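The values are calculated or read from the model by the stated rules, or taken from the named source; none is laboratory data. Computed from a prediction, not measured in an experiment: that's the story for all the values here. Ideal geometry is used to build each Cβ from the backbone, glycine not excepted, and the neighbour counts take in all protein chains shown. Heavy atoms of the whole protein, side chains included, go into the accessibility calculation; ligands, DNA and RNA do not. Shrake-Rupley method; radii C 1.70, N 1.55, O 1.52, S 1.80 Å.
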Amino acid sequence: MKKLGFLFILVIVHCTRVESFDPSDFDSAETENVDTSGCLPGQIQISGDSCLECSAGTYANTDDDLQECSTCSYDTYSGDEAAGCTACDSGLGTLEEESGDVSDCIEVCMVPNIEFVDSLYPESRVAEGGNVQIICKDGYYYGNSGSQTVACSSSTNNFPASCRKVTISDTESSVKAGDNGVLSCVVEAHDIGTAIQWFKNDSAIALTSDDTAYTIVTSLATDFEDDSVTKKSTSTLTILDFDSADVASYFCRVIYSDPILSDQSPEQALKILDITETPSKAHIASEAASLQLIIYLLLLIS
């Protein structure tokens with residue numbers, strides 16, 4: 001009986017025997033996916049165990065250990081409680097950052113940089129075909145106005161490189177008969193176009209090889225001024241042997257290589273020339289004789 005009891009105890013001990021514990025076994029366990037903050041993707045921890053859900057247009061990934069929700073960049077979007085942002089389909093984009101729905105992905109037209117602008121609205125992006133308001137700096141114009149509304153198109157450039165300052169100088173408004181009338185057109189812009197055209201009233205002045213009525217000398221700028229953004233070009237129109245037939249409105253206009261830009265209201269400056277008649281020799285002699293007679297009579301009286 002004692003022998004049986006001893007064997008029974010040995011059997012029990014053998015059956016309940018366990019392997020020894022090695023703490024390093026715990027270190028090798030898979031813990032990389034464990035969120036130690038207690039917040040889910042799309043949430044941030046704000047205090048203690050409290051989590052805040054990120055709103056549409058923002059996101060949070062627990063792997064990044066963020067203290068605030070991040071904003072979705074342009075051309076991406078996210079819904080509520082998102083762990084990341086989704087890119088718009090090819091050819092589509094968003095008008096703003098922090099877009100919160102796939103419906104924000106539309107055809108976008110990028111507004112180019114325009115020199116000598118006081119303000120643009122919208123500044124950088126607009127829906128395809130949408131309008132952009134250009135307000136030029138003081139003294140500069142787009143077309144014949146300091147402000148202009150232009151439709152934005154991704155396929156066609158409807159915008160000038162800059163607002164422009166176009167002036168006419170170097171002459172009085174009246175020219176003596178027989179003298180030469182001289183008009184100088186000065187264009188200041190970032191990109192002045194391909195040519196400067198002169199007009200008399202509404203007709204373009206076209207020179208011929210043996211022209212005796214006009215001369216035109218044009219110098220288109222190739223280099224920037226000291227400010228590194230302004231090119232200054234000039235075109236000088238000389239009206240030879242000015243007479244009454246030359247009394248008219250003269251203006252210069254910037255011409256573009258792109259016909260779409262040329263068809264828009266063109267930049268131009270206007271000068272109206274009149275004539276000062278030169279007295280004839282007979283008229284001068286008559287006036288002199290009258291003056292001599294008056295002097296003679298005064299002497300007799302005195």
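Peptide packing: for 120-126, 82-88, 201-207, the average count of neighbouring Cβ atoms within 10 Å per residue gives the ranking 82-88, 120-126, 201-207, highest mean first. If a paramagnetic tag sat 7 Å from the Cα of Gln133 along the Cα-Cβ line, which residues of the range 146-168 would have the backbone N under 12 Å from that point? So the set is 147-150. Full extension of the chain between Asp210 and Ala245 yields a length gain of 10.7 nm, computed as 0.36 nm times the residue separation minus the alpha carbon distance.
Here the spin labels are modelled as points 7 Å beyond Cα on the Cα-Cβ line, and at Thr222 and Leu297 they lie 7.0 nm apart.
For the range 44-199, the share of accessible area belonging to carbon and sulfur comes to 41 percent (1.4 Å probe, ligands and nucleic acids excluded). Each residue, Asp202 and Asp49, gets one label point 7 Å from its Cα in the Cβ direction; the gap between the two is 8.4 nm.
Peptide packing for 231-238, 129-136, 154-161 was compared via the average number of neighbouring C-beta atoms within 10 Å per residue; ordered from the highest value, the list is 231-238, 129-136, 154-161.
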